[in-house]
1. (1) at pLDDT below 95; (2) out of contact with any Phe, Trp or Tyr (no Cβ under 9 Å at 6 or more places or on another chain); (3) over 13 Å from S103 (Cα atoms): which one isn't true of A56, the others all being true?
2. Look at the range 2-49 and say how many of its residues are assigned to a helix (DSSP H, G or I) and farther than 24 Å from R115 by Cβ.
3. Within the range 118-126, can one find any residue that is part of a helix (DSSP H, G or I) and either touching a His at 6+ places or on another chain (Cβ under 9 Å) or at pLDDT 95 or above (or both)?
Amino acid sequence: MTNIAKNINGLPYHAINSLLSICLEHDAVHLSEKTIQHIYERHPQECELCLEFIEAIIVAPDYIGQSPLHQENFVLIKQIMDLFLMIAICTVPNEYGKYPVMSSYIVPENTLQRRIRKGFLKPYKQKGHQ
């Protein structure tokens with residue numbers, strides 16, 4: 001189990017702000033040991049894959065979204081092979097001023113398509129990463 005907390009820079013916060021009408025102030029994200037433990041406990045079959053690609057998802061997501069039920073978080077989704085890996089990130093910075101990762105797991109394609117149809121997810125193509 002990889003349980004090393006880390007800071008990840010490169011969150012496309014300007015695009016997130018524009019797509020979701022929120023006000024993120026910078027590109028710094030924090031993955032805590034507590035969150036890593038949460039991912040291992042709640043999503044044991046997919047945790048290694050999610051953690052392996054967490055930086056790629058944050059820096060170059062394919063989809064950006066927000067559930068109307070969870071306005072305090074936003075989500076980033078990236079297709080890796082034939083899977084859609086999702087990361088939930090809090091819009092409120094932690095005590096170090098970084099946006100904390102809340103969870104990560106695989107989203108079924110039918111769920112992804114439904115969220116796109118409902119407008120909860122929007123496609124995002126970052127220049128230089130496609």
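1. (1)
2. Applying the first criterion (assigned to a helix (DSSP H, G or I)) to the range 2-49 yields 13-20, 33-42, 47-49.
Of the ones still in play, those that are also farther than 24 Å from R115 by Cβ are 33-34, 36-37, 40-41, 48.
Going through the range 2-49 one residue at a time, the tally reaches 7.
3. As a first pass, look at the range 118-126 and keep what is part of a helix (DSSP H, G or I): none.
Within the range 118-126, none of the residues are part of a helix (DSSP H, G or I) and either touching a His at 6+ places or on another chain (Cβ under 9 Å) or at pLDDT 95 or above (or both).
One line per residue, one yes/no per condition, for (1) buried (at least 18 other Cβ atoms within 10 Å of the Cβ); (2) modelled with pLDDT under 95:
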position	(1), (2)
I39	yes, yes
Q79	no, no
A88	yes, no
V92	no, no
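Okay, residues lined up against (1) in contact (Cβ under 8 Å) with a residue 60 or more places away in the chain; (2) within 14 Å of T35 (Cα to Cα); (3) assigned to a helix (DSSP H, G or I):
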{"position": "K78", "(1), (2), (3)": "no, no, no"}
{"position": "L85", "(1), (2), (3)": "no, no, no"}
{"position": "A88", "(1), (2), (3)": "no, yes, no"}
{"position": "V92", "(1), (2), (3)": "no, no, no"}
{"position": "P100", "(1), (2), (3)": "yes, yes, no"}
{"position": "S104", "(1), (2), (3)": "yes, yes, no"}
{"position": "T111", "(1), (2), (3)": "no, no, yes"}
{"position": "R115", "(1), (2), (3)": "no, no, yes"}
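The values are calculated or read from the model by the stated rules, or taken from the named source; none is laboratory data. These numbers come from a predicted model, not from an experiment. Positions of Cβ are backbone-derived with ideal geometry, glycine not excepted, and every protein chain shown enters the neighbour counts.
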